[in-house]
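Structure provided below as C-alpha cells; questions to follow.
The values are calculated or read from the model by the stated rules, or taken from the named source; none is laboratory data. Just so it is clear, the model here is predicted, and its values are computed rather than measured. So basically every Cβ, Gly included, is an ideal-geometry build from the backbone, and we count neighbours across all protein chains shown. Keep in mind that these areas ignore ligands, DNA and RNA; they rest on the heavy atoms of the full protein, side chains included. Shrake-Rupley method; radii C 1.70, N 1.55, O 1.52, S 1.80 Å.
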Amino acid sequence: QVQLVESGGGLVQAGGSLRLSCAASGSIFGINGMGWYRQAPGKQRELVAKITSGGTPTYADSVKGRFTISRDNAKNTVYLQMNSLKPEDTAVYYCKVTDNSGWPYWGQGTQVTVSS
C-alpha cells in the first residue's frame, strides 16, 4: 500500500506564494518520476510540473518562471513552490509519483484558491 500525503494548499491573494509538499510512504519499490497536476472546475487535469529521478524539471508554459519543482529523494518528497500566483492558478492540485515499474500513484488533491 502506497500513500501520498499532500499539504500546503490554501487561499492566497493574487501575487502571493504557496508551497505544496507531497510525501510518499508505504510499499513503494523505488520512485522514478514525481510531479504535480491540477484540475480546475469544468476542465481536464493538466500537467503543472514534473521532475525526473535525476532532478531534471519540466514545466507547463503557463507556470514557467513562477513555479519551481524540487524533490528530496531521501524523504520521498516532492515540492512545488508557487510564486506570483494568478486567479487562473486556482484548482485542485494533485501529486503523482511513478515507481520504477512505471506504476502511477496519485495523491488525494489539495485545493489552491487565488483571489483577485
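Does the range 63-70 include one or more residues that are over 20 Å from Val114 (Cα atoms) and of a type in the set (Lys, Arg)?
Keep residues of the range 63-70 that are over 20 Å from Val114 (Cα atoms), which gives 70.
Next, from what is left, pick out any that are of a type in the set (Lys, Arg): none.
No.
Still on this model: Can you say whether Asn100 is open to solvent by less than 60 Å² (accessible area, probe 1.4 Å), over 11 Å from the mean Cα position of the chain (by Cα) and among the polar types (S, T, N, Q), as far as the supplied structure shows?
On the way: open to solvent by less than 60 Å² (accessible area, probe 1.4 Å): no; over 11 Å from the mean Cα position of the chain (by Cα): yes; among the polar types (S, T, N, Q): yes.
No.
Taking the range 1-50 only, how many residues are part of a strand (DSSP E or B), surrounded by 15 or more Cβ atoms within 10 Å (Cβ to Cβ) and charged (D, E, K, R)?
The number of residues fulfilling the criteria is 3.
Which of the residues that make up the range 71-89 are open to solvent by 40 Å² or more (accessible area, probe 1.4 Å) and not small (Gly, Ala, Ser)? Don't jump to the end; show me each part of the working.
Residues of the range 71-89 that are open to solvent by 40 Å² or more (accessible area, probe 1.4 Å), as a first pass: 71-76, 81, 83-84, 86-88.
Result: Arg71, Asp72, Asn73, Lys75, Asn76, Gln81, Asn83, Lys86, Pro87, Glu88.
If you check Thr58, Thr98, which single one turns out to be free of Cβ contacts under 8 Å to residues at least 24 places away in the same chain and assigned to a strand (DSSP E or B)?
On the way: Thr98 fails: free of Cβ contacts under 8 Å to residues at least 24 places away in the same chain.
Result: Thr58 is the single residue among Thr58, Thr98 that is free of Cβ contacts under 8 Å to residues at least 24 places away in the same chain and assigned to a strand (DSSP E or B).
Which condition does Leu85 not pass, out of (1) in a loop (DSSP other than H, G, I, E, B); (2) closer than 15 Å to Glu6 by Cβ, if it passes all the others?
Only one criterion in (1) in a loop (DSSP other than H, G, I, E, B); (2) closer than 15 Å to Glu6 by Cβ is unmet by Leu85, namely (2).
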